[in-house]
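Asks: Please find one structure pasted underneath; my questions will follow.
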Amino acid sequence: MAVEGRPPTPKSILRGHKAQVHAATFIRNNERLVTGDADGFIIAWDLTIMRPRAVWQAHENAILGIAGWGNDRVITHGRDNKLIVWKLTGDDEARMSTTLPLDPCTEPRPKPWILHLLEVNTMNFCSFSYCPVPVPVLPGQQEGQSQDTAEESKSGSELLIAVPNTLASEAIDIFHLPSQTRRHTVKLGDKNGMVMAVALFNQANSLTLVAGYENGLAIVAHRDPIKNDWIPLYQATCHSQPILSLSISPALDFFLTSSADAVIAKHPLPPVVSQDTTSTHVTATQVSESEESNRPVNDKAVGKSLLGAALAKAKQSQQKPPHKPQEAQTQPLKTVNTKHAGQQSIQIRSDGLVFATAGWDSKVRVYSTKTLKEVAVLKWHQVGCYAVAFADIAPKTSAPSINDQNPKATASTTGTEPTGSDSLGHMDKSLTVVPKLVELTVRDKRLRQATTAHWLAAGSKDGKVSLWDVF
């Protein structure tokens, strides 16, 4: 990222927005970076050439959030009280304008096809959150083995969208797509102020909601499918100013919050107690009672013990204590005063090792998620940064070969016999297939670099996006 002794420098600067950049996200396996500005414009950048592939005005007011839905859809959330799902494929990009908002445009820029549109509340400056519809576990199945329905969830055919409530700014609405119907309205308090940040995800095959409020309070609530109610699992006030952003760890074991103050807080994500626990205990009690009743008894007591045993058994079953509800935790895992007030955006990288913040002081800071210690300061912008985004980091595996990309590759393309055998047909384990890197085209090299780089993108008030390759 930087030569030893010198400050780090960005790999590229993407210039094109006329207004401050409020949101950024990587899509399509990091081939595209999508950014949104205060004028409602969206730019999809091709990271193989660092040029725009699609430019359009998605909203009439500032962009609050952007997310990819599969490889062919993009969700945008604007301050014009609209959340829109756009169809954006490679074919759609071919007919889109590449004229940047900075450049004059005499004709209206074409827009992608609108798949869904929700009228939502945007008074809070709170962006949306989404997750696949949770798949119920059927009897006799282990968690995460619900077969066909699980595959549908992975394919992204249905989503749940969480946004602040239209009428009560302290409540949260959860909508379903593609039906565009409201499924839940969650109100976790009356004196916390407006919802400033929200995250929705699946935990133990049920919904978990994390909310950050205007008074600095962070709450974790789980939906009890039996009671059809939201149960708080954790709540703590670690900030003296409104929470500006939050990020959930990939392992779903903690989350981070940043605020207008200088504090970064690391909070626990309590595991959800399975509803099957109670039934298991009841079954065990019933078995022990059955064993007790089947014990041999004195013949003289048989006449009067049959009715007495039945009554005693019924009385015991009525006196069983109810299942004790899970108590809410109140202690954060760790808090740190960074002495840098106003950290507008925070995001944890997909490997869970580091996270980054975009600061009002124009700096992007990278921290360790384990210790919350600062490990890098990225300085290029001269004015405040409002958005930060990490590219997804693939798990470390052996480097893919040309044969993995082209199943039809033969000895002529690899420079050695693919079978690795001698003239007698015996396998020679010492022979290895070494791909010729010269077979990669220039475009393939650029594509590999774009999709494997550890990108960190930062959007600023100056309308520029700095792109860094970190750790």
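Asks: Could you check SER179 against (1) over 18 Å from GLY212 (Cα atoms); (2) buried (at least 19 other Cβ atoms within 10 Å of the Cβ) and say which number it fails?
Replies: (2)
Asks: Collect the residues in region 200-218 that are hydrophobic (A, V, I, L, M, F, W, C), closer than 20 Å to GLN347 by Cβ and surrounded by 21 or more Cβ atoms within 10 Å (Cβ to Cβ), keeping them in residue-number order.
Replies: Taking region 200-218 first, the residues hydrophobic (A, V, I, L, M, F, W, C) are 200-201, 204, 207, 209-211, 217-218.
Then drop every residue that is not closer than 20 Å to GLN347 by Cβ, which leaves 200-201, 209-211, 218.
Listed by number, the residues that qualify are LEU200, LEU209, VAL210, ALA211, ALA218.
Asks: Determine if region 114-127 includes at least one residue that is at pLDDT 95 or above, more than 30 Å from SER245 (Cβ to Cβ), of a type in the set (A, V, I, L, M, F, W, C) and not in a loop (DSSP other than H, G, I, E, B).
Replies: No, region 114-127 has no match at all.
Asks: Taking region 28-38 only, how many residues are at negative phi, touching a residue at least 40 places away in the same chain (Cβ under 8 Å) and open to solvent by 10 Å² or more (accessible area, probe 1.4 Å)? Walk me through it before giving the result.
Replies: Taking region 28-38 as the starting set, the residues that turn out to be at negative phi are 31-38.
Next, only the ones that are touching a residue at least 40 places away in the same chain (Cβ under 8 Å) stay: 31, 33-37.
The next check asks that each one be open to solvent by 10 Å² or more (accessible area, probe 1.4 Å); those that pass are 31.
Number satisfying all stated conditions: 1.
Asks: Now, a different point. I need a count of the residues in region 39-57 that are open to solvent by 20 Å² or more (accessible area, probe 1.4 Å) and not polar (S, T, N, Q).
Replies: Quick first cut of region 39-57, residues open to solvent by 20 Å² or more (accessible area, probe 1.4 Å) only: 39, 41, 48-53, 57.
After this cut, where a residue has to be not polar (S, T, N, Q) as well, the list is 39, 41, 49-53.
Count: 7.
Asks: Might you let me know whether region 384-392 holds any residue that is under 30 Å from HIS17 (Cα atoms) and modelled with pLDDT under 95? Give the steps one after another, and end with the answer.
Replies: Residues of region 384-392 that are under 30 Å from HIS17 (Cα atoms), as a first pass: 384-392.
After this cut, where a residue has to be modelled with pLDDT under 95 as well, the list is 392.
Yes.
Asks: Which of the residues spanning region 224-261 are touching a residue at least 24 places away in the same chain (Cβ under 8 Å), open to solvent by 50 Å² or more (accessible area, probe 1.4 Å) and under 22 Å from VAL133 (Cβ atoms)?
Replies: Those that are touching a residue at least 24 places away in the same chain (Cβ under 8 Å), open to solvent by 50 Å² or more (accessible area, probe 1.4 Å) and under 22 Å from VAL133 (Cβ atoms): PRO225, ILE226, PRO250, ALA251, LEU252.
Condition check ((1) open to solvent by 30 Å² or more (accessible area, probe 1.4 Å); (2) in a loop (DSSP other than H, G, I, E, B); (3) closer than 12 Å to ASP37 by Cα) across all residues:
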position: HIS59; (1), (2), (3): no, yes, yes
position: ALA67; (1), (2), (3): no, no, no
position: ASN71; (1), (2), (3): yes, yes, no
position: HIS77; (1), (2), (3): no, no, yes
position: ASP92; (1), (2), (3): no, no, no
position: THR99; (1), (2), (3): yes, yes, no
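Asks: Consider region 79-90. How many of its residues are polar (S, T, N, Q) and open to solvent by less than 50 Å² (accessible area, probe 1.4 Å)?
Replies: Looking only at region 79-90, we keep the residues that are polar (S, T, N, Q), and these are 81, 89.
Remaining after also requiring open to solvent by less than 50 Å² (accessible area, probe 1.4 Å): 89.
Matching residues across region 79-90 total 1.
Asks: Report the residue count in region 331-342 for those that are among the basic types (Lys, Arg) and part of a strand (DSSP E or B). Don't jump to the end; show me each part of the working.
Replies: Here is the first cut: in region 331-342, the ones among the basic types (Lys, Arg) are 334, 339.
Going one step further and asking which of them are part of a strand (DSSP E or B), we end up with 334.
Total satisfying the criteria: 1.
Asks: Quick one: which of PRO10, PRO104 is open to solvent by less than 50 Å² (accessible area, probe 1.4 Å) and part of a loop (DSSP other than H, G, I, E, B)?
Replies: On the way: PRO104 fails: open to solvent by less than 50 Å² (accessible area, probe 1.4 Å).
Being open to solvent by less than 50 Å² (accessible area, probe 1.4 Å) and part of a loop (DSSP other than H, G, I, E, B) holds for just one of PRO10, PRO104, which is PRO10.
The values are calculated or read from the model by the stated rules, or taken from the named source; none is laboratory data. Since the structure is predicted, the reported quantities are computational estimates derived from the model, not experimental observations. Reconstructed Cβ throughout: ideal geometry from the backbone, glycine too, with neighbour counts over all protein chains shown. Protein only, heavy atoms only, side chains kept; ligands, DNA and RNA dropped before computing areas. Shrake-Rupley method; radii C 1.70, N 1.55, O 1.52, S 1.80 Å.
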